[in-house]
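This report concerns only the one structure given below.
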């Protein structure tokens, strides 16, 4: 007999609520849109699920679902799998001694980056014992504070306890906590698209003005 799922209690925002959204490359914007679309479906937390059709998903399942919807193939399934993937194919930043999101270690953190924790629950045969993964979305225009996307059965958003696929406050554990924030980094394949060259549009030529300028120059000569 299947266990009854705890009812979803989630929060959502719009892409336009984020400070950095308009400046992000198109693939990152699409990733954020896909993530926020999932937060509107009122999906609960369900360990072992990676499909909205199950009425809930776990942390790595929600991340996998969003990346698939954004066109990324051959994805890991577990938080540890995502950690290995980002470490081996990306540019993972290890942050094992941080206890505040204001730490300089986060100076390079960007929307779309994967976030990793240990100790949120007991794991075996994982080194390091990664147990949680989420996606950094950026900062809210209302207060400048960071928000993340994923699935949880206890994290919070602006004081509200969340159960499900949602946006959450960007927080890292204190020094006294059993859980630790250990790393972040770009999604493999996305990092080369972050810096989009800006091509300045050439001002349209004005034929009449050009002819007039030449005539003036000829008279001056």
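The values are calculated or read from the model by the stated rules, or taken from the named source; none is laboratory data. Since we're looking at a predicted model, the values are computed, not measured. Here the Cβ is made from the backbone with ideal geometry for all residues, glycine too, and neighbour counts use every protein chain on show.
Would you check if there is a residue in the range 64-77 being closer than 28 Å to residue 14 by Cα and part of a strand (DSSP E or B)? Quick ask: steps written out before the conclusion?
First, pick out the residues of the range 64-77 that are closer than 28 Å to residue 14 by Cα: 64-73, 75-77.
Adding the requirement that they be part of a strand (DSSP E or B) leaves none.
The answer is no; no qualifying residue exists.
Just one of (1) within 13 Å of the chain's Cα centre (by Cα); (2) buried (at least 17 other Cβ atoms within 10 Å of the Cβ) trips up residue 33, so point out which.
It fails just one condition, (2).
So which residues in the range 111-149 are in contact (Cβ under 8 Å) with a residue 60 or more places away in the chain and on the phi > 0 side of the Ramachandran plot, if there are any at all?
Hits for the range 111-149 are 112, 119, 138, 144.
Which one is farthest from residue 39 (Cα to Cα), of the residues in the range 109-121 that are in a loop (DSSP other than H, G, I, E, B) and modelled with pLDDT of 95 or more?
109
Among the numbered criteria (1) at pLDDT 95 or above; (2) in contact with a helix residue (DSSP H, G or I) (Cβ under 7 Å, 6 or more places away or on another chain); (3) more than 22 Å from residue 176 (Cβ to Cβ), which single criterion is violated by residue 91?
So residue 91 meets the others, but not (1).
Select from the range 2-23 the residues that are at pLDDT 95 or above, in a loop (DSSP other than H, G, I, E, B) and surrounded by 14 or more Cβ atoms within 10 Å (Cβ to Cβ) and list them in ascending order.
The answer is 8, 10, 11, 12, 13, 19, 20.
Taking the residues in the range 36-51 that are within 18 Å of residue 131 (Cα to Cα) and touching a residue at least 40 places away in the same chain (Cβ under 8 Å) as candidates, determine which candidate is nearest to the chain's Cα centre (by Cα).
So the residue we want is 45.
Taking residue 54 as the residue in question, decide whether it is closer than 20 Å to residue 152 by Cβ, over 17 Å from the mean Cα position of the chain (by Cα) and buried (at least 17 other Cβ atoms within 10 Å of the Cβ).
So residue 54 does not fit the description; no.
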